1. Looking only at residues that are in a loop (DSSP other than H, G, I, E, B) and not small (Gly, Ala, Ser) in the stretch A:55-64, which one is nearest to the other protein chains (Cβ to nearest Cβ)?
2. With more than 23 Å from A:ALA2 (Cα to Cα) and either basic (Lys, Arg) or modelled with pLDDT of 80 or more (or both) as the only criterion, which of A:LEU158, A:LEU170 stands out?
3. Determine if the stretch B:130-147 includes at least one residue that is within 24 Å of the chain's Cα centre (by Cα), on the phi < 0 side of the Ramachandran plot and surrounded by fewer than 18 Cβ atoms within 10 Å (Cβ to Cβ).
4. Residues that are under 27 Å from the mean Cα position of the chain (by Cα), open to solvent by less than 70 Å² (accessible area, probe 1.4 Å) and modelled with pLDDT of 80 or more: does the stretch B:40-48 have at least one?
5. Inspect all residues belonging to the stretch A:79-98 and state whether any of them is surrounded by fewer than 16 Cβ atoms within 10 Å (Cβ to Cβ) and without any contact (Cβ under 8 Å) to a residue 40 or more places away in the chain.
6. Of these, A:GLY67, A:GLY45, which one is farther than 23 Å from A:LEU170 by Cβ, away from chain B (no Cβ under 14 Å) and not hydrophobic (A, V, I, L, M, F, W, C)?
Amino acid sequence: MAVSLTHLEKSYQDPSGKSFRVLGPIDLRIETGEFLCLLGPTGCGKTTLLRILSGLEQADSGKVSLGAGRFGYVFQQGALFPWMNVESNVMFPLKAKGMTGSECRSRAAEMLNHVGLYGFSKSFPHELSGGMQQRTALARGLVTEPELLLLDEPFASLDTRTGINLQEMLRAICGRLSTTVIYVTHSIEEAVYLADRIVVMGHSPGRIVRNESLNLKWPRSRLSSEFTEILLSFRQTFEKLVDPSATLSS
Amino acid sequence: MGGRVPSGRFTVDSWQKVRNLLPGFIIPALILIVWFFFSGSTLLPAPDLVIRILLHPSEDLLSCGSLLWNTGVSLIRVLLGLSIAILLGTPLGFMMGASQRFRQFTSVITELARPLSPIALLPLSIIIFKDTSFTEVLGLNHLKYTRHILNELQIGMVFILAWGGIFPVILETMHGVRGVRKVYIEAARVLGAGKLFIFKHVLLPASLPDIFAGYRMAVGRCWMVIIAAEMLPGTNSGIGYLLRYSYQLSRLDVMLACIFIIALIGLIFSRGLELAGEKWLLLRARER
């Protein structure tokens, strides 16, 4: 499912009633099956962009075209429902769409297998580690086999090792289901590891400063020279964003 | 997921629990001893007189019916008033929590009515409802001169109980609904849930602990209100009535027995509901 944004703009009002723009005019197109990382420092409006895409917020002007079809969403802190066990959490989107009974159950079980949570279906979120909670959240986002998956810094609160495991898993599942993915992150390494294409956003107002497809083969190694080269070039873009006068000493 | 020790009927754990409870009984025991030694030289009746009354709860007292009957009358009044409070208060609280316009619409009347003691409404409710009981409302006039529980359920009593119970229910429900974290509702929305589905599967379970807390407060308030109300004109049954009547006849043994029962039932209400709340997964709705 191709996604296209044309001339998207969004402003907020601060408490004193003054309006300030969080998203400058943004034009972006995402191809079907593409894994896109939206990379940017905190406050650049990347989450807002995701919320507009999902319909949680409305843009002031411009056009969003999602094509047609289902989308999944994974929140930063998982946002699992603490009063439901893992299985019920994963079945939630299916049930919300009116699916019932055994089909629901078997699809949830299948997705839980994919994310490596076999045998935890009756556990409650507070009984799981952070990594397992995010696996559950992923399963919940993917259980409807969406054509488009939106993720808002899903692994930011995890330790590095767990985060890397989950990144590999996410890539594998989305590849298998040929899901179009928009992945919001502030970690350059995460973006370079995951993305087919990286869109770097700058702030005040949020705008696209760099839009580049990565020429890296799979499987990717974080230690290869190509990887570090690309990482470095994006780090330079990033440093300039945060402090325009800064240049990297090396 | 703490591993449970496979248990017989009485494990080391339960002994430990009993031992933890024991210190709490020291003061009551001391009071009992002091009471026992001084009851002869004061107005207080000896403890064994009171204990005898408590041990024979179905014996008639002061020609007012037994302790059991009067306690039952009070309890059923409370349950009736409470049910009305819950049935009306929960949906009202929900609407006030969910809709800002409805909250503004009802704000003045709830703020005015909430601090008003239900007892203050008793005379008015007697004027309005007279001593009409449910026997008359239901048209069961043949029961009128028999001893039947319906004769003791006066509309006025039930009204002030419902009044006393409804505000904790409304307010706690409202707080519960307003306190549901926005991210749960947003998550439900982006996962494709409609309004009704969100209400049933997100709003309701997420606010359940608060709603339940409201019910607990309502039970406690209703129990206090009924005792006070029964001591005033408007009825001639119930544990509160028995308590006041024993005062008029200077029967302190009956009075103390009544006080003990009132305290005991209050305890059962609050502790019982607390345990029930913990048992039904309600606390799972809390972030841990």
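1. From the stretch A:55-64, those in a loop (DSSP other than H, G, I, E, B) are A:55-60; that's our starting set.
Then keep just the ones that are not small (Gly, Ala, Ser); that gives A:56-58, A:60.
Numbers: A:LEU56: 6, A:GLU57: 10, A:GLN58: 13, A:ASP60: 20 Å.
Only one residue tops the list, namely A:LEU56.
2. Working: A:LEU170 fails: more than 23 Å from A:ALA2 (Cα to Cα).
From the options A:LEU158, A:LEU170, the qualifying one is A:LEU158.
3. Looking through the stretch B:130-147, at least one residue is within 24 Å of the chain's Cα centre (by Cα), on the phi < 0 side of the Ramachandran plot and surrounded by fewer than 18 Cβ atoms within 10 Å (Cβ to Cβ).
4. Of the stretch B:40-48, the ones under 27 Å from the mean Cα position of the chain (by Cα) are none.
Looking for residues that are under 27 Å from the mean Cα position of the chain (by Cα), open to solvent by less than 70 Å² (accessible area, probe 1.4 Å) and modelled with pLDDT of 80 or more, one finds none in the stretch B:40-48, hence no.
5. So in the stretch A:79-98, the residues surrounded by fewer than 16 Cβ atoms within 10 Å (Cβ to Cβ) come out as A:97-98.
Those left that are additionally without any contact (Cβ under 8 Å) to a residue 40 or more places away in the chain: A:98.
Yes - at least one qualifying residue is present in the stretch A:79-98.
6. Numbers: A:GLY67 fails: farther than 23 Å from A:LEU170 by Cβ.
Being farther than 23 Å from A:LEU170 by Cβ, away from chain B (no Cβ under 14 Å) and not hydrophobic (A, V, I, L, M, F, W, C) holds for just one of A:GLY67, A:GLY45, which is A:GLY45.
Yes/no per residue for (1) at pLDDT 85 or above; (2) more than 25 Å from the chain's Cα centre (by Cα):
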| site | (1), (2) |
| --- | --- |
| B:HIS175 | yes, no |
| B:LYS182 | yes, yes |
| B:ILE185 | yes, yes |
| B:ALA188 | yes, yes |
| B:PHE197 | yes, yes |
| B:LEU203 | yes, yes |
| B:ARG221 | yes, no |
| B:VAL225 | yes, no |
| B:LEU232 | no, no |
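Results for (1) open to solvent by less than 10 Å² (accessible area, probe 1.4 Å); (2) under 21 Å from the mean Cα position of the chain (by Cα), shown as yes or no for each residue.
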{"site": "B:LEU62", "(1), (2)": "no, no"}
{"site": "B:ARG77", "(1), (2)": "yes, yes"}
{"site": "B:PHE102", "(1), (2)": "no, no"}
{"site": "B:SER117", "(1), (2)": "no, yes"}
{"site": "B:ILE127", "(1), (2)": "no, no"}
{"site": "B:LEU150", "(1), (2)": "no, yes"}
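The values are calculated or read from the model by the stated rules, or taken from the named source; none is laboratory data. Nothing here was measured: the structure is a model prediction, and the numbers come from that model. All Cβ positions, glycine included, derive from the backbone under ideal geometry; neighbour counts span all protein chains shown. What goes into the accessible areas is simple: the full protein's heavy atoms, side chains included, and nothing from ligands, DNA or RNA. Shrake-Rupley method; radii C 1.70, N 1.55, O 1.52, S 1.80 Å.
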